[in-house]
Amino acid sequence: MLAAAALHALDHHVERLAEDHANAARFADALAGLPGLAVEPARTNMVFAVPAAGLGARIVERLRDRGVLCTGDARLRFVLHLDVSREDAEEAARLVRETVKEATG
């Protein structure tokens, strides 16, 4: 499924890929240094982060309730794509920071 999405992007939205990667980099940078969440540098349009032990499921659930979708438990995955604007990415980062702070409270 992931390969199909990548092929579609290459066939129809190649000029947009750079913007998605830039949004992912800004998203990762906005989360860097946040206590309770170790964020890996963004290399594509995906951002991976390792939450403090035992907090992953709670963070995923709270983010879903706030409209931010991610997957994982021990390692969270956020995907920035064609339907995610720079403003959306900034708002998502704000919500992730807020949610992680509450979870580690």
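Among the residues of the stretch 57-105, how many are part of a loop (DSSP other than H, G, I, E, B) and out of contact with any Lys or Arg (no Cβ under 8 Å at 6 or more places or on another chain)?
14
Tell me whether the stretch 92-105 contains one or more residues that are farther than 17 Å from ASN45 by Cα and at pLDDT below 95.
yes
Which of the numbered conditions does ARG26 fail, given that it passes all the others? Conditions: (1) within 12 Å of the chain's Cα centre (by Cα); (2) basic (Lys, Arg); (3) assigned to a helix (DSSP H, G or I); (4) closer than 22 Å to THR104 by Cα.
(4)
Looking at the stretch 70-87 only, could you name the residues that are at pLDDT 95 or above and over 13 Å from PHE27 (Cβ atoms)?
THR71, GLY72, ASP73, ALA74, ARG75, listed by residue number.
For the stretch 51-85, give me the residue count where each residue is free of Cβ contacts under 8 Å to residues at least 60 places away in the same chain, hydrophobic (A, V, I, L, M, F, W, C) and surrounded by 16 or more Cβ atoms within 10 Å (Cβ to Cβ).
The number of residues fulfilling the criteria is 9.
The values are calculated or read from the model by the stated rules, or taken from the named source; none is laboratory data. As the structure is a prediction and not an experimental result, all values here were calculated from the model. FYI the Cβ positions are ideal-geometry reconstructions off the backbone, even for glycines, and counts take in every protein chain you see.
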